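Contents: one structure, followed by commentary.
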Amino acid sequence: WYEDGDFGMGSCLSKYKNGGVSFEIGGDIVVGMGDNFLRFDGNEAQWKVVDKFPGKARKGAVAFVMEDKAYVGLGYSVEGKDKVYYSDFWVYDGKTHSWEIEPLSFSFPGKPRGHAVAFTLGSFAYVGTGEYDGYSLKDFYKFDPDANGGKGGWEDISFSGDARYGAVAFVVNNAAYV
């Protein structure tokens, strides 16, 4: 291990010290906490500020990447003693390094949740499990970006594993592991 540039997230860490989200797109790494996002420019080897996340600041969000678009959504915020869960997804354009102003025109079909898991396999993305109001979830959904005339759409799929939250997923040789 070695240090490779100053992270520069100090201003948002007072409230969002955990539950961040990250993704790789176009050779860059994008990391977000709350509504603050930074991009590590792989060509210049330095961190750059990304426009503020247009949705509500949150913890426990997920992200998946399809071609030059990253989809960031779900998660929760803490308001007083209550958790407020989200089911929205927002789109980050890897070519312009900016957020699309409007969220996807449809919401995630499952319960809003935090600490779900997401991955891309082939031409589809998969999102599932997570936590809602203290309960672990096991439902899973497939996202097809070409459904609904190119606007994208979700399909409920089966998941044979147990309910869980905070899971990790990875893809090797066209197989996903959760």
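The values are calculated or read from the model by the stated rules, or taken from the named source; none is laboratory data. Since the model is a prediction, treat every value here as computed from it, not as a measurement. Heads up, the Cβs are rebuilt from the backbone with ideal geometry, glycines too, and the neighbour counts pull from every protein chain shown. The protein model used for the area step is the full one, side chains on, heavy atoms only, and it has no ligands, DNA or RNA in it. Shrake-Rupley method; radii C 1.70, N 1.55, O 1.52, S 1.80 Å.
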**OP:** Restrict the search to region 12-118; then list the trypsin sites (Lys or Arg not before Pro) that DSSP places in a loop and that have at most 10 other Cβ atoms within 10 Å of their Cβ.
**Re:** Lys81, Lys95
Subject >> Computed over region 118-178: relative contact order in percent, which uses C-alpha pairs under 8 Å that are six or more apart >> reply: 32 percent
Original post:
Residue-wise, which Karplus ³J(HN,Hα) couplings in Hz belong to region 163-178, taking 6.51 cos²θ - 1.76 cosθ + 1.60, θ = phi - 60°, and x for glycine or proline?
Top reply: 4, 6, 9, x, 6, 10, 10, 8, 10, 9, 6, 6, 10, 9, 10, 10
Subject >> Over the chain: helical MRE at 222 nm, DSSP H runs n ≥ 4 each giving -39500 (n - 2.57), nearest 500 >> reply: -500 deg cm²/dmol
Original post:
Remind me, relative contact order of the chain in percent, using alpha carbon pairs under 8 angstrom and six or more residues apart?
Top reply: 14 percent
**OP:** Note down the Stokes-Einstein diffusion coefficient of region 37-79 in µm²/s, whole number, using a Kirkwood radius over alpha carbon pairs, 20 °C, and 1.002 mPa s.
**Re:** 176 µm²/s
**OP:** Please sort by residue number the GluC sites (Glu not before Pro) in region 78-178 whose DSSP state is loop and whose Cβ has at most 16 other Cβ atoms within 10 Å.
**Re:** Glu100
Subject >> Amide H within-cut-off set for Leu121, under 5 Å, with H built and near neighbours excluded >> reply: Tyr126
**OP:** Enumerate the amide H contacts of Tyr165 below 5 Å, restricted to partners 5 or more residues apart or on another chain; note that Pro and chain-start residues carry no placed amide H.
**Re:** Gly130
Original post:
Within the accessible area of region 35-178, what % is carbon and sulfur when the probe is 1.4 Å and the other protein chains stay in place?
Top reply: 47 percent
Subject >> Average accessible surface area per residue within the chain, 1.4 Å rolling probe, Å² >> reply: 55 Å²
Subject >> Taking the convex hull of Cα positions in the chain, its mean projected area over all directions (nm²) >> reply: 11.1 nm²
